[in-house]
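K.L.:
Below you'll find the structure I mean.
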Amino acid sequence: MRITLITERGYPYASSGPGAWCDRLVRAMPGHDFEVYTLGWGPGERDEGRLPANVRGVRTQALGGPAHGGTAVGGRRAREHLAHYRELLGALTAGDAVEGSSRVADRFASGLYGLAELARERGPLGPFLRSEEALRALEERCGAAGAPAAVATAGVCDLIAATELLERRLRPLSAPWYDEDGLAGADLCHAASGGLAGLPGLVAKRFFGTPLLVTEYGIQLRDAYVAGRGHGTAAPVRALLSAFHRLLAGEIYRRADLTTPGNTHNRRWQERCGADRSRIRTVYPGIDASRLAPAGDEPEDPTLVWVGRLEPAKDIAALLHAFTGVRQQLPHAKLRIIGPVRRGSEPYLAHCRTLAAQLFPDEAQDTRSVGESPVTFEDIGTPEVPTIRDAYAAGSVVVLSSIVEGFPGTLVEAMFCGRATVSTDAGAVREVIGGTGLVVPPRNPKALAAACLDLLEDRERRDRLGAAARARAQELFAVERTVEAFREIYLDLVSHCPARPAPSAESPFTRPAQPHVPGRWTSGKADRHAPRWAGEAAAQGGAFEPAELLDDGTHEAPAAPGLLDRSDLLEDRAALGAHDRSQDHVHHADREPVEGRARRDEGAALAGREALEHGEPFEEPEHWTDGAHFVDHGSLADEPYEERAPLTDGPALVDRETLPRPEALDECRPLGVGASEVRS
């Protein structure tokens, strides 16, 4: 199976977070071929030689920096770009009053897919999205009646910033990924997160019918809300970007064939944003337990250990204040904070170190010992903590103090190591812990301290909870269970996907209709009653070329059996009138008035009907056809006749008893190419 794995700022250039589970998933499925499409990172940040052998390639689309490629558009093309962009902006500025309405969602989808189609046909959208026309369109929509107050106050600087940021978020539409060698030829698109990573999958599903699977172990919409406030962006710009991410998330959840959240907490977010419950399946992110053996003996002194990546959302300050209450009951207790600092959170680490120094100054047990603080900040890979297992083995109880949390991976690792845990009720903590640990409200140092003391003072309870936690982790969070779940999902989605035509195949009803004149044009020598163009076609061997695309974009009618250009009909009309009437027994009345011809035809039809009823020959009518079908009427009464006109590729045998009424002959039409027989 050929699977495209789409990531945003992750695998294969990031080895932690989503990048870690992507790597585990790919390595555990050597029978499938993976192609990695990543957004936001440049090439060369990781040696591709470390990738698994079943990764066939890595494609990158940068979201930051200046856009490359594309040419300026003008005239009619610019108006088409502008129409779709205005649709998109109209949805972004619709306001919160109609936030969940299907009309706004449909408008957003119409503009989004319209821009995607233009990018496929005419190249990258960057030049247009950065143009003055796009800027003026945004200004017009922000100032329109009914626009929310947050965007109505946008100034020139805000409009310029919003235009640039929207262009970056729409860059996946211009990525050179939508061909047979890319997403169009994949059996399945697997977006490793929501948000922008799902955008290429949406385009592939829209235009090629490729099944789309979306996995979210962290809610991208929530992250976008938080990031917008944290970067000091102006309020009008934040409002526009938040609307974009909200509508994009809703479109992804509605169109995805299946969404796999990492926990029930994420599932509630997805359902609120429009995901169908019947197309949601919770799949926990698997943890590689091979490096997480039971921690073994505890340290001599009662020790709390915190493991993770330092950032404000982890609320280390609350943990430090809680530890003061622990120290009041257990003076020899220690706190070890182990883990790297998240990029950009260095000031927060400095603040925590300062707070720890103020709350817990260096202390010495006696006058001869060197003073030291009971709180230490360490990192994994140092001599004191060489491995992740050593980090969890360094404490008697593992603590999690987060105020915001998705899937608590460090908590699951502690459970695999058999350590008892105390956690704050954030994200999926309660779902993961079950009944194998203690859970307290976030931002409550007193409750956190009381729970830590309960476990530190009860060794038997710690052991019992630790053993239960390890059993729960092995049952629910082992990587083998996750891999097996995704293997079943892959097969299920592909098996229920209808066969897709090749992207290059011509869509039905896209070619203009052509005149159809039946005839034997490709086999044998042309009949003497056929026009001269039939003989010329037969003389050329009946080889007909496919339709050619003319300069004006229309298709030239192919010279194939049953198709005739109108100009050929006009050219051969004179030849048709010049046939030997004595042999054909057909009299043309081209110069006779229509009224007289109709009266004579009516009389001939009546005479023919009477002759047929008595089984006798009848005199031929002067004119029964429109000049294209020639029939020897004299032979109708005695025996089956052979058509003189090229109505089919073979003789049409007609029994006398089943002949239609003469007046109905004008309504007869050939049924198709090929020999036909009508029997009584």
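The values are calculated or read from the model by the stated rules, or taken from the named source; none is laboratory data. Model, not experiment: these values are computed from the prediction. With ideal geometry, Cβ positions are generated from the backbone for all residues, glycine too; neighbour counts draw on all protein chains shown.
K.L.:
Within region 440-455, track down each residue that is farther than 18 Å from Ala317 by Cα and touching a helix residue (DSSP H, G or I) at 6+ places or on another chain (Cβ under 7 Å).
P.N.:
The answer is Leu453, Leu455.
K.L.:
Answer with yes or no whether Val73 is crowded, with 17+ Cβ neighbours inside 10 Å and modelled with pLDDT under 70.
P.N.:
Here the answer is yes, as Val73 does meet what is asked.
K.L.:
Go through (1) more than 18 Å from Leu456 (Cβ to Cβ); (2) without any contact (Cβ under 8 Å) to a residue 60 or more places away in the chain; (3) surrounded by 24 or more Cβ atoms within 10 Å (Cβ to Cβ) for Glu413 and report which single condition fails.
P.N.:
Among (1) more than 18 Å from Leu456 (Cβ to Cβ); (2) without any contact (Cβ under 8 Å) to a residue 60 or more places away in the chain; (3) surrounded by 24 or more Cβ atoms within 10 Å (Cβ to Cβ), the lone unmet condition for Glu413 is (2).
K.L.:
Which residue out of Ala235, Ala243 is among the aliphatic types (A, V, I, L, M) and surrounded by 19 or more Cβ atoms within 10 Å (Cβ to Cβ)?
P.N.:
Of the residues listed, the single one that is among the aliphatic types (A, V, I, L, M) and surrounded by 19 or more Cβ atoms within 10 Å (Cβ to Cβ) is Ala243.
K.L.:
Ala295: in a loop (DSSP other than H, G, I, E, B), outside the structural domain of Ser193 (by TED's automatic domain parsing) and either buried (at least 21 other Cβ atoms within 10 Å of the Cβ) or out of contact with any Asp or Glu (no Cβ under 9 Å at 6 or more places or on another chain) (or both), yes or no?
P.N.:
yes
K.L.:
In addition: Looking at region 112-123 only, could you name the residues that are surrounded by fewer than 20 Cβ atoms within 10 Å (Cβ to Cβ) and under 16 Å from the mean Cα position of the chain (by Cα)?
P.N.:
Selection gives Tyr113, Gly114, Glu117, Arg120.
K.L.:
Another question, then. Going through Leu213, Leu258, Leu188 one at a time, which residue ends up being touching a His at 6+ places or on another chain (Cβ under 7 Å), farther than 22 Å from Leu115 by Cα and not assigned by TED's automatic domain parsing to the domain that holds Glu140?
P.N.:
Leu213
K.L.:
A follow-up question, please. If I ask for residues that are within 22 Å of Leu330 (Cα to Cα), out of contact with any strand residue (DSSP E or B) (no Cβ under 9 Å at 6 or more places or on another chain) and among the aliphatic types (A, V, I, L, M), which ones from region 450-484 would you list?
P.N.:
Correct list: Leu453 only.
K.L.:
Next question. Scan the strands (runs of 3 or more DSSP E) fully inside region 390-462 and keep the ones with 3 or more residues being more than 12 Å from Val305 (Cα to Cα), outside the structural domain of Val226 (by TED's automatic domain parsing) and not basic (Lys, Arg).
P.N.:
In region 390-462, 438-440 are the strands (runs of 3 or more DSSP E) which contain 3 or more residues that are more than 12 Å from Val305 (Cα to Cα), outside the structural domain of Val226 (by TED's automatic domain parsing) and not basic (Lys, Arg).
K.L.:
Could you tell me which residue of region 286-303 is modelled with the lowest pLDDT, considering only residues that are in contact with a strand residue (DSSP E or B) (Cβ under 7 Å, 6 or more places away or on another chain) and farther than 26 Å from Glu475 by Cα?
P.N.:
Only one residue tops the list, namely Asp301.
Residue-by-condition table, conditions (1) within 23 Å of the chain's Cα centre (by Cα); (2) among the polar types (S, T, N, Q):
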| residue | (1), (2) |
| --- | --- |
| Thr210 | yes, yes |
| Val214 | yes, no |
| Ala224 | yes, no |
| Ala234 | no, no |
| Arg246 | yes, no |
| Glu251 | yes, no |
| Asn263 | yes, yes |
| Trp269 | yes, no |
| Arg272 | yes, no |
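K.L.:
Something else about it: Only residues in region 338-354 that are touching a residue at least 24 places away in the same chain (Cβ under 8 Å) count as the first member; pair them with residues that are assigned to a helix (DSSP H, G or I), Cβ under 6 angstrom, at least 6 apart or cross-chain, and list the lot.
P.N.:
Correct list of pairs: Ile338/Ala391; Val341/Leu349; Tyr348/Pro312; Cys352/Ile316.
K.L.:
Check Ala145, Ala161 and return the single one that is closer than 25 Å to Gly250 by Cβ and surrounded by fewer than 16 Cβ atoms within 10 Å (Cβ to Cβ).
P.N.:
Testing whether each residue is closer than 25 Å to Gly250 by Cβ and surrounded by fewer than 16 Cβ atoms within 10 Å (Cβ to Cβ) leaves just Ala145.
K.L.:
In addition: Quick check on this structure: which one of Gly182, Gly198, Gly209, Gly146 is within 30 Å of Ala485 (Cα to Cα) and in contact with a Ser or Thr (Cβ under 9 Å, 6 or more places away or on another chain)?
P.N.:
Gly182
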